[in-house]
Amino acid sequence: MMNLREDHVQNKNLKLENEPRNELKNETRVNDIKVTRADKPHMTDEWTYFAPNVSNTVEIIVFDDGNEKYKYYTNRWHVFGKWRGKVALVNAENQTIKIHSISEWKAIVIASYP
């Protein structure tokens with residue numbers, strides 16, 4: 001498999017850090033996913049992060065704009081962030097695999113359970 005950069009993932013069970021926008025730190029944690037905005041300058045305080053809903057699975061229908069490398073992984077993802085028509089995704093099988101930004105229309109819901 002591909003060797004992806006995994007140095008910003010913590011393998012601990014962490015809770016979502018809900019902080020006011022003016023007090024937001026340089027990192028956001030969602031469960032065992034840590035996103036550092038310094039690594040992704042396009043990610044600003046306007047992103048809304050949340051715990052991935054494992055009952056809601058999406059599949060990517062368009063792999064382009066630098067996201068081509070992810071088409072070799074199992075195409076099952078959970079949304080953990082939203083901003084201006086974009087979503088942040090984590091792979092359903094391997095939470096160390098993250099897509100920090102992809103247009104929302106490129107990922108369709110394939111399974112949704114209450």
Q. Are there any pairs with C-beta distances below 8 angstrom linking a residue in the range 68-87 that is closer than 17 Å to Val54 by Cβ and of a type in the set (A, V, I, L, M, F, W, C) to a residue that is part of a strand (DSSP E or B) and modelled with pLDDT under 95, with the two at least 6 apart or on different chains, and if so which?
A. Val79/Asn56; Phe80/Val30; Phe80/Ile33; Phe80/Tyr49
(Q) When you check Glu46 against the structure, is it over 12 Å from Lys106 (Cβ atoms) and of a type in the set (Asp, Glu), yes or no? (A) yes
Q: Please state which one of Thr74, Thr44 is modelled with pLDDT under 95 and assigned to a loop (DSSP other than H, G, I, E, B).
A: Thr44
Q. Residues of the range 44-91 being among the acidic types (Asp, Glu), exposed (fewer than 12 other Cβ atoms within 10 Å of the Cβ) and on the phi < 0 side of the Ramachandran plot, which ones?
A. Glu46, Asp64, Glu68
Q: Might you let me know whether the range 20-37 holds any residue that is in a strand (DSSP E or B), β-branched (Val, Ile, Thr), at pLDDT below 95 and closer than 25 Å to Tyr113 by Cα?
A: yes
Q. Ile102 passes all but one of (1) surrounded by fewer than 19 Cβ atoms within 10 Å (Cβ to Cβ); (2) touching a strand residue (DSSP E or B) at 6+ places or on another chain (Cβ under 8 Å); (3) modelled with pLDDT of 95 or more; which number fails?
A. (1)
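The values are calculated or read from the model by the stated rules, or taken from the named source; none is laboratory data. Owing to the predicted nature of the structure, the values given are computational and were not obtained by experimental measurement. No Cβ is skipped: glycine too gets one built from the backbone with ideal geometry, and neighbour counts run over all protein chains shown.
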